[in-house]
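Below is one structure; the comments refer to it alone.
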Amino acid sequence: MKFRIQTKLLVYILSTTSLIYLLAFGYLSLNDYDASIKEAKKLTDSYAEKYANNVMIELNRDMAITRTLVQSFSQYKDFHERKQEGAYYEMLKNVLENNPQFLNCALNFELFAIDKNHQKEYGRLRKIFYKSSGLINERIDTLEITGDSIGGQYYNIKVNPKEELSEPYTFTPTGNKLDMVLVSSISIPIMDRKEFVGLLQFDVDLDRFKAMINEIRPYDDSYGFLISNKGVYAAIPFDSIANKTVEKVIPEENLEHNVMLNIMDGKQFSYMRTDENNKSFYVSYFPLSFGNSESYWSLGIAVPYDVMISKARNNLYFSIIVAIIGFIVLALVIWYISKGISIPLIKTAETIKELAKGNISIDKKLEVKGNDEISDISNSLNTLIDGLENNIQFALEIGRGNLEYNFELSSNQDVLGSALMNMRKSLKQAAQDEAKRKSEDKRLNWATQGAAKFAELMRENTDKLSEFSYNIISNLVRYLEASQGGLFIINNNKKDDVFIELSASYAYDRRKYIDKKIRMGVGLVGRCINEQETIYMTDFPEDYLNIASGLGQSTPQSILLVPILFNQKVFGVIEMASFKKMEQYQIKFVERIGESIGSTISNVKMNEQTAKLLEESRIQSEELVAQEEEMRQNMEEMKTTQEELERKAMDFEGIINALNGVTLVAEFDMQGRLIEINRDFLRLLNTSKDAMLGTFQGAFAVTKDDRRNVFRDFWNDLRRGIIKKTIQHIQINDKDIWLSEAYTPIYDKNGNPYKVLNISVDITESMLNKVE
């Protein structure tokens, strides 16, 4: 079945637009719905945070008052010694009178802190102030005389001093249960430096927070509540729940959402719950912290979920109604647009059919109405007809040979017109290529003839480098029709004085005798050698050549420097200057000539170096003969000296062997450690050699007072080459032995002592006779 374009537009556009419209509407509506719910939750969380901060302000102010009083009690010793405790008590009474939230006050002091005669670590004095019938009453108690009440609140703060807000508990100031109120105790320790000496406590009224909790109504039927660190409801609109714990009131929620753990950890959290009436609530908790206390409370808000999302639901219904109306309007607009598109397109299709048959005529142009895309199509078709007419005329002119016919493309995308212009361009290019080929042949002949000419020159005059340089540079300047030129060669005859030397120069058809030396790396010549690259310059100041070039005073239009290279080694630079710009083929020619020059210079230098080396070799041979005779004489002297040293070594070894046979001999290194000992010495000490090696000198000495200083001075003298003699008293197996010892430094071949020889004689018998 063949559909007309209007039908297709209605079916395809309307169906596609409807699908996109529905998807977009659905996404935006659901997204708006979710955003409204998130905003409602965020509002509830902000209420929880706001009222939590209000509660914290109240209780932190109470703790600040208590903390200030504790700081004023730092001089408690002076007050008790002067019997001025009444000033403390009056201060506390004034605080109770001016702060209705405080119901009671208890000031505790450890007895050892206020009574010097009390030596025990337990026992305390407690002064209590309490309100009753509009008056402030007081009493004093002495507690825990026999020992601390372990596990109590006072004891816990005593062993771990810290600020604390106690769990809520009921209290009646009159003793009547009808006057029962819910309170919490603020406890702040009194410290003397880091020692616990007392505790100040205030009972604060928690019922005052009921009015604040009742104000929390971000939505209808919502309510707030205040929960302590241990999960006790401290304030809630429902009296039946007040002072009960979370475990009893909402046990399942506590287990499922870790309510108690999150409160004790001071976390902000929220969750959804369903009550016994199957009604859903969104519950938000915000942590409260008090002073320096480590215990957190939490303020929560419960909001009915239906009330929370009512606004979001209403927005969704309104969006659906708007979407239906919008869809109807959209369908009517698409029908109108499709009708306005289809009629002009039918006319355009008929004209294109005629063009396809080759029927190209200006009479086929369409009438353009309006200023939209349809009119653009008609204009484009009319432009196509004009372009085809123009291309036909251009093709006819090319066929007649008129390549200069003025032709303009219909647009940048005119493929047919571009093809015709490319055809004309190809015909023109063929003529230009023929002229270029002739020019390249001329340049090739020029380069070939030049290469042959300079090859012949390089075979001549190679005996003398200066004449060779002049012949090359003069012919090169004339052949290139340059103004002047110079041939620079690296002079490395002296390793420590390498420089660039102007070997020959030629300018204005005459030879120039210029003596010029350039240091390596200086100017354009030095740069060309360092980089081993051709330098061609046409744009430089008038005096640039005078500064950086190796040539004279003229200022050329172009300058060319080509390195003379052979086997990747640079021998010098060809420098050319001209009053006209050089062509690229001329530069390439000079570079090729430079390689041939480098090869020739390399051979000349090699021959010169060979002759020089032969002369140096002859001189060195004569020097070697003389040195050989001198070495022979030195060897005979060294042999005589070695024989003398060997004889002395044998004499010394004989002396040592003789000493080993008649005396006690030991050897030490320069740190005083034993490295050798003879058998007679080991027999006297009644020990083995392995046990003695490594022991320090004097290890068996009887007297060891100030032994370290004596040992250090003794061995410092030996290291300086001083012979030391001493009598040493030792004990071996409870037997007294006296030794007369001599310590002699032994020197190495450089004259430095490297070990110490110890020769000892047993003089025990003579020493014992002296004692008798």
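The values are calculated or read from the model by the stated rules, or taken from the named source; none is laboratory data. Note that this is a predicted model, so its numbers are computed, not measured. Don't worry about glycine lacking a Cβ; one is built from the backbone with ideal geometry, like all the others, and counts go over all protein chains shown. For the accessible areas, the whole protein counts, side chains as well, though only heavy atoms, and no ligand, DNA or RNA atoms are used. Shrake-Rupley method; radii C 1.70, N 1.55, O 1.52, S 1.80 Å.
What the table shows:
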| quantity | calculated |
| --- | --- |
| Residue in the range 337-355 that is modelled with pLDDT under 70, part of a helix (DSSP H, G or I) and within 60 Å of the chain's Cα centre (by Cα) present | no |
| Residue match in the range 261-277 (condition: in contact (Cβ under 8 Å) with a residue 40 or more places away in the chain and either open to solvent by 30 Å² or more (accessible area, probe 1.4 Å) or not in a loop (DSSP other than H, G, I, E, B) (or both)) | yes |
| Pairs with Cβ under 7 Å, 6+ apart, first in the range 130-157 and open to solvent by less than 60 Å² (accessible area, probe 1.4 Å), second polar (S, T, N, Q) | Ser132/Thr174; Tyr154/Asn108; Tyr155/Ser149; Ile157/Ser187 |
| Selected residue [of a type outside the set (A, V, I, L, M, F, W, C), farther than 30 Å from Trp446 by Cβ, modelled with pLDDT under 75 and surrounded by 11 or more Cβ atoms within 10 Å (Cβ to Cβ)] from Asn678, Asn657 | Asn657 |
| Residue match in the range 27-47 (condition: part of a helix (DSSP H, G or I), out of contact with any Asp or Glu (no Cβ under 7 Å at 6 or more places or on another chain) and closer than 30 Å to Phe202 by Cβ) | yes |
| Unmet criterion (only one of (1) without any contact (Cβ under 8 Å) to a residue 12 or more places away in the chain; (2) over 57 Å from the mean Cα position of the chain (by Cα)) for Ile57 | (2) |
| Count of the range 389-439 residues which are open to solvent by 70 Å² or more (accessible area, probe 1.4 Å) and either among the β-branched types (Val, Ile, Thr) or outside any helix (DSSP H, G or I) (or both) | 8 |
| Test: residue in the range 457-479 that is free of Cβ contacts under 8 Å to residues at least 60 places away in the same chain and at positive phi | yes |
| Residue selected from the range 278-299 under the condition of a type in the set (A, V, I, L, M, F, W, C) and either modelled with pLDDT of 95 or more or closer than 24 Å to Asp62 by Cβ (or both), by the criterion surrounded by the fewest Cβ atoms within 10 Å (Cβ to Cβ) | Phe290 |
| Residue list for the range 133-165, restricted to those being part of a loop (DSSP other than H, G, I, E, B) and under 60 Å from the mean Cα position of the chain (by Cα) | Asp148, Ser149, Ile150, Gly151, Gly152, Asn160, Pro161, Lys162, Glu163 |
| Any hit, the range 747-758, residues being in a strand (DSSP E or B) and of a type in the set (A, V, I, L, M) | yes |
| Per-region count, the range 734-772, residues under 20 Å from Gly672 (Cβ atoms) and open to solvent by 70 Å² or more (accessible area, probe 1.4 Å) | 3 |
| Failed item in (1) farther than 30 Å from Ser310 by Cα; (2) in contact (Cβ under 8 Å) with a residue 40 or more places away in the chain; (3) acidic (Asp, Glu), with Glu90 passing the rest | (2) |
| Whichever residue in the range 185-207 is in contact with an Asp or Glu (Cβ under 8 Å, 6 or more places away or on another chain) and of a type outside the set (Phe, Trp, Tyr) and, among such residues, is nearest to Ile136 (Cα to Cα) | Val204 |
| Selection count where residues are at pLDDT 85 or above and either of a type in the set (Asp, Glu) or not in a helix (DSSP H, G or I) (or both), scope the range 94-116 | 13 |
| Residue tally, condition open to solvent by less than 10 Å² (accessible area, probe 1.4 Å), free of Cβ contacts under 8 Å to residues at least 40 places away in the same chain and in a strand (DSSP E or B), over the range 188-232 | 0 |
| So Ile727, is it touching a Leu at 6+ places or on another chain (Cβ under 6 Å), on the phi < 0 side of the Ramachandran plot, of a type in the set (A, V, I, L, M) and loosely packed, with under 15 Cβ neighbours inside 10 Å | no |
| Tally of residues being surrounded by fewer than 19 Cβ atoms within 10 Å (Cβ to Cβ), basic (Lys, Arg) and either closer than 15 Å to Asp62 by Cα or in contact with a strand residue (DSSP E or B) (Cβ under 7 Å, 6 or more places away or on another chain) (or both) across the range 87-129 | 3 |
| Checking Thr687 against (1) part of a strand (DSSP E or B); (2) open to solvent by less than 60 Å² (accessible area, probe 1.4 Å); (3) of a type in the set (Val, Ile, Thr), the condition it does not meet | (1) |
| Glu164, sole failed condition from (1) out of contact with any helix residue (DSSP H, G or I) (no Cβ under 8 Å at 6 or more places or on another chain); (2) open to solvent by 40 Å² or more (accessible area, probe 1.4 Å); (3) modelled with pLDDT of 90 or more | (1) |
| Residues satisfying the stated conditions in the range 207-229, i.e. modelled with pLDDT of 90 or more and closer than 25 Å to Ile65 by Cα | Leu226, Ile227, Ser228, Asn229 |
| Some residue of the range 712-722 being open to solvent by 80 Å² or more (accessible area, probe 1.4 Å), more than 19 Å from Asn660 (Cβ to Cβ) and assigned to a strand (DSSP E or B) | no |
| Top-ranked residue of the range 570-597 - restricted to ones that are aromatic (Phe, Trp, Tyr) and not in a helix (DSSP H, G or I), ranked as surrounded by the fewest Cβ atoms within 10 Å (Cβ to Cβ) | Phe579 |
